Amino acid sequence: MLDYVALFLLFFVVIVLFYGIIAIHDIPYEIAKKRGHPHQDAIHVTGWISLLTLHILWPFLWIWATLYRPDRGWGFKDGRSDHEHLASLETQVSELKARLDRYEANRSASEPEA
């Protein structure tokens, strides 16, 4: 009787490990799917390839899946639109131009004429 229990336990452990590894490797894909990642299919395929390459790609998949956020994109935006950025830059340029004009006017006024 103990032989059958040990055999059942062996099969159970092997099956749980097999499906556990598959479930763990799908975590980056699930993150990508939840965030609406534009490359979620590529992340899913690379997760399966990672199973065959001794899991070397899996940490990079995790990073790839978590980089994208629907509200910020790839994380390089601060939430403002391009128009707001352009208006801000135009304001800064006009302020710098005014400062430069004042500096040049003061400099030319303070220089003695030759």
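The values are calculated or read from the model by the stated rules, or taken from the named source; none is laboratory data. Remember, predicted model here, so these are calculated numbers, not experimental data. When we count neighbours, we look across all protein chains shown, and the Cβ atoms used for this are built from the backbone with ideal geometry, even at glycine. Heavy atoms of the whole protein, side chains included, go into the accessibility calculation; ligands, DNA and RNA do not. Shrake-Rupley method; radii C 1.70, N 1.55, O 1.52, S 1.80 Å.
Worth a mention:
- Residues in region 38-48 that are outside any loop (DSSP other than H, G, I, E, B) and either aromatic (Phe, Trp, Tyr) or loosely packed, with under 14 Cβ neighbours inside 10 Å (or both): Asp41, Val45, Trp48.
- Of the numbered criteria (1) open to solvent by 90 Å² or more (accessible area, probe 1.4 Å); (2) of a type outside the set (Gly, Ala, Ser); (3) over 27 Å from Trp74 (Cα atoms); (4) part of a helix (DSSP H, G or I), the one Leu54 fails is (4).
- Here Phe76 clears all of (1) open to solvent by 90 Å² or more (accessible area, probe 1.4 Å); (2) in contact with a His (Cβ under 9 Å, 6 or more places away or on another chain) except the condition numbered (2).
- Residues that are among the aliphatic types (A, V, I, L, M), at pLDDT below 95 and open to solvent by 100 Å² or more (accessible area, probe 1.4 Å) within region 91-114 comprise just one, Ala114.
- The requirement of being loosely packed, with under 11 Cβ neighbours inside 10 Å and either free of Cβ contacts under 8 Å to residues at least 12 places away in the same chain or under 19 Å from the mean Cα position of the chain (by Cα) (or both) is not satisfied by Leu61.
- For region 14-22, the condition holds for no residue, the condition being that it is at pLDDT 95 or above, of a type in the set (Phe, Trp, Tyr) and more than 25 Å from Asp71 (Cβ to Cβ).
- Scope region 17-32; condition part of a helix (DSSP H, G or I) and open to solvent by less than 80 Å² (accessible area, probe 1.4 Å); matching residues: Gly20, Ile21, Ile22, Ala23, His25, Ile27, Pro28, Tyr29, Ile31, Ala32
- Taking the numbered list (1) touching a residue at least 24 places away in the same chain (Cβ under 8 Å); (2) under 26 Å from Ile22 (Cα atoms); (3) not charged (D, E, K, R) in turn, Thr46 passes all entries but (1).
- For Thr66: the one exception among (1) modelled with pLDDT of 90 or more; (2) open to solvent by 90 Å² or more (accessible area, probe 1.4 Å); (3) part of a helix (DSSP H, G or I): (2)
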